[in-house]
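Below: the structure, in structure tokens.
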Number of protein chains: 4
Amino acid sequence: MQSLDELRQRLRAFATERDWEQFHSPKNLAMALIVEAGELVEHFQWLTQAQSLTLAPDKRELVAQELADVLIYLVRLADRLDVDLLAAAERKLALNAEKYPAERARGSARKYDES
Amino acid sequence: MQSLDELRQRLRAFATERDWEQFHSPKNLAMALIVEAGELVEHFQWLTQAQSLTLAPDKRELVAQELADVLIYLVRLADRLDVDLLAAAERKLALNAEKYPAERARGSARKYDES
Amino acid sequence: MQSLDELRQRLRAFATERDWEQFHSPKNLAMALIVEAGELVEHFQWLTQAQSLTLAPDKRELVAQELADVLIYLVRLADRLDVDLLAAAERKLALNAEKYPAERARGSARKYDES
Amino acid sequence: MQSLDELRQRLRAFATERDWEQFHSPKNLAMALIVEAGELVEHFQWLTQAQSLTLAPDKRELVAQELADVLIYLVRLADRLDVDLLAAAERKLALNAEKYPAERARGSARKYDES
């Protein structure tokens, strides 16, 4: 797979071949996405932060599959809403660069120490 | 932005410039991802499925920003775990093609009607 | 089981007997709670709203178990933070009554039709 | 507020007075619940486990309000499905006692160290 756009096209074909568009409303796809995000979180819930950085290979592959599931529903949902994901990410990065200037955000960024 | 890989590199630089790696454990990033997924779901929670397909332009842009936030944490998390997202999605699609053969899954796929 | 308070005490004893307090930081318990919430959402993700109101008995029991799991982590988390759940709910209801006066919120509450 | 049952009755009256039953399908309420769970998780996402145990008073009150929101949607959802939450929790505790016998689960319960 070379790109997000190729993934988008393959997922669309996959759904069409199975007549699944009827289930793929944005509402339902948003639910499916957060369900997969929950399965991702489950792998980390009892780990320390340090442990979460050094997963055993088999665990890491399971996590990779959950990451893939989140990506799949994310791309499918964006396609149904006709949203260009990379363009949206670019807009968001520009907003974040304004919100968290590097010189002020170093290490003790308010985002992280306000609590 | 041309590719997921470019996004990955820009997010890594963004975190490094702000000394944020210390906060970006996979455990924390998985939490941040599901928080953004929740903000995405919030836009759809009281809508009918039909309404979720025809969002007003301003609402659609808000949803696009939430999709971007999910993508950003997904890419960042995959980077911290050294997982290639597109390759993982490709493996997952192959598994799904076996699990849901097109001829048997049409419309009434067990996945969808088991309940 | 007669009350939330009895549940709180039984969950505390359950954790103590197993030496699980070390895993039950509020951070971890919040993760466990949302993981269970995701399992709950999974049961509804492909259903129409009408279907979600008329679950088959076996499905309804599975959903009841997920509801119980959410409650269990919610009570455990509140206990670790020394929060009285019913008192907090009472404060929240008072806030909501101000925010959504009955005469103005009828049917077309801004909360529901702003999108 | 004296009990979960009182909360259930007050929430039902609150929805009826505002003609909100039409929005309160189990599908929608499950979405609302996980959205609130996400807002809860947000308070903990960048904290260490130790920090999550010692919240400042104002932060703790914000967390208490999120716990209340989760409880409110949980009770409302159970009511719509005619599920008795405390009875379901009792059934679940019995299952957990079988699954994690105290003598075998001490400290190093498989649940916690399998990863």
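Which of rounded, prolate or oblate describes the range B:1-41 when judged by the alpha-carbon gyration tensor and an a/c cut-off of 1.5?
Judged from the Cα gyration tensor, the range B:1-41 comes out oblate (a/c at least 1.5, b/c at or above a/b).
Within the set A:K27/D:K92; B:K92/D:K92; A:K27/A:K92; A:K99/D:K59, which residue pairs have Cα atoms separated by over 27 Å?
Distance filter (> 27 Å) returns A:K27/D:K92; B:K92/D:K92.
What does the copy distance list look like for B:K59, label position 7 Å along Cα→Cβ, in nm and ordered from shortest?
Between copies, matching label points for B:K59 lie 2.6, 3.6, 4.2 nm apart.
In the neighborhood of A:E36, defined by Cβ-to-Cβ distances under 10 Å, what is the net charge if each Lys or Arg adds +1 and each Asp or Glu adds -1?
That works out to -4.
For D:L95, go 7 angstrom from Cα along the Cα-to-Cβ vector, then report the distances to that same point in the other copies in nm, smallest first.
Distances to the matching label points in the other copies: 2.3, 3.3, 4.0 nm.
Quick one: if you take sqrt(5λ) for each eigenvalue of the C-alpha gyration tensor of the protein assembly as shown, what semi-axes come out, biggest first, whole angstrom?
In descending order the semi-axes read 32, 27, 24 Å.
What value, in deg cm²/dmol to 500, does the helix sum -39500 (n - 2.57) over DSSP H runs of n ≥ 4 give at 222 nm once divided by the residues of chain C?
-22500 deg cm²/dmol, from helical runs alone.
Rounded to the nearest 0.05, what FRET efficiency do A:E103 and B:R8 give with R0 = 25 Å and r taken as the Cβ-Cβ distance? Could you check?
0.55
Taking the 0 to 90 degree range and rounding to the nearest ten, how far is the long axis of helix D:85-99 tilted relative to the main principal axis of chain D, both from C-alpha atoms?
That works out to roughly 20 degrees.
For chain C, what Kirkwood radius comes out of the mean inverse Cα-Cα distance, in Å?
Taking the inverse mean of 1/r over all distinct Cα pairs, chain C comes out at 16.9 Å.
Sticking to Cα atoms, compute the Rg of the range A:46-94 to one decimal and its Dmax as the biggest Cα-Cα distance, whole number, in Å.
15.1, 39
For C:T16, place a label point 7 Å from Cα along the Cα-to-Cβ direction in every copy; what are the distances to the other copies, in nm, shortest first?
4.2, 5.1, 6.3
How far is the Cα center of the range D:17-95 from the Cα center of the range C:20-82, in Å?
Spelled out, the Cα-based centre of one part sits 9 Å from the other.
Return one number: the angle in degrees, 0 to 90 and rounded to the nearest 10, between the long axis of the Cα atoms of helix D:4-17 and the longest principal axis of the Cα atoms of chain D.
40 degrees
Round to the nearest 10 and give me the degree value, 0 to 90, for the angle of helix C:57-80's Cα axis relative to the longest principal axis of chain C.
60 degrees
Each reported figure results from applying straightforward, stated rules to the coordinates on display, with no laboratory input. Keep in mind that what you see is a predicted model, and the values were worked out from it rather than measured. With ideal geometry, Cβ positions are generated from the backbone for all residues, glycine too; neighbour counts draw on all protein chains shown.
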